[in-house]
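The values are calculated or read from the model by the stated rules, or taken from the named source; none is laboratory data. Being a predicted model, the structure only gives us computed values, none of them experimental. Here the Cβ positions follow ideal geometry from the backbone for every residue, glycine too, while neighbour counts run over all protein chains shown.
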Amino acid sequence: MLENSIFYILALFLIGGSLGMITFRQSVFSAISFLLAMIALSGMFALLHQSFLFLAQILVSVGAIVTLALLVIVSVNIKEENLPHTRLSIKKVITMILLILPISVLIFYGISKSNLQFATIDENFGSLSHTGQTLFTKWALPFEILSILLLVALVGGILISKRGANNES
């Protein structure tokens with residue numbers, strides 16, 4: 001009962017943080033919403049008794065990625081007048097709802113009618129040794145490619161902000 005309540009609270013924070021990322025105009029608030037979503041996700045890992053994934057989520061996503069994103073956001077220093085002036089009208093909201101609603105109904109119908117049976121998992125699944133062995137054998141190259149891609153994106157963001165600062169002066 002307590003775990004269900006905690007799960008629903010974390011789910012609300014995760015949904016709220018995700019919606020905040022895409023709705024806030026200021027990028028700092030979007031980054032803080034991302035932080036909220038990542039903390040809620042790490043709490044869900046803790047509910048699943050996956051201590052390694054919980055700690056990795058806190059250290060990598062919350063500790064490193066959000067900190068670097070906030071550093072880039074602060075160094076870019078986007079001004080309010082440079083942001084696009086688009087408004088979300090009622091017509092756009094209704095159109096989005098009408099586009100998403102049939103797909104959501106189909107997904108819900110498909111899930112409710114399907115016979116979901118989960119495969120049995122090994123008893124050491126999710127342990128530190130199993131996760132490390134899988135990460136450094138099957139996923140080593142994609143992991144390194146992702147780290148290089150993130151580094152290039154951050155350096156590119158800083159270079160673009162420096163070029164914009166040089167053009168203004």
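Residue-by-condition table, conditions (1) buried (at least 17 other Cβ atoms within 10 Å of the Cβ); (2) in contact (Cβ under 8 Å) with a residue 60 or more places away in the chain:
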| site | (1), (2) |
| --- | --- |
| SER27 | yes, no |
| SER30 | yes, no |
| SER33 | yes, no |
| SER42 | yes, no |
| LEU47 | no, no |
| PHE52 | no, yes |
| LEU68 | no, yes |
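Applying the condition of being modelled with pLDDT under 85 and of a type in the set (A, V, I, L, M, F, W, C) to the range 103-135 and asking which residue is farthest from PHE52 (Cα to Cα) yields ILE111.
Residues that are modelled with pLDDT of 80 or more, surrounded by 11 or more Cβ atoms within 10 Å (Cβ to Cβ) and closer than 16 Å to VAL74 by Cβ within the range 156-169 comprise GLY157, ILE158, ILE160, listed in sequence order.
One residue alone among ILE73, ILE90, ILE39, ILE22 is at pLDDT 90 or above and among the hydrophobic types (A, V, I, L, M, F, W, C), and that residue is ILE39. Taking the criterion of being modelled with pLDDT of 85 or more and not in a helix (DSSP H, G or I), the only residue of the range 46-70 that qualifies is LEU48.
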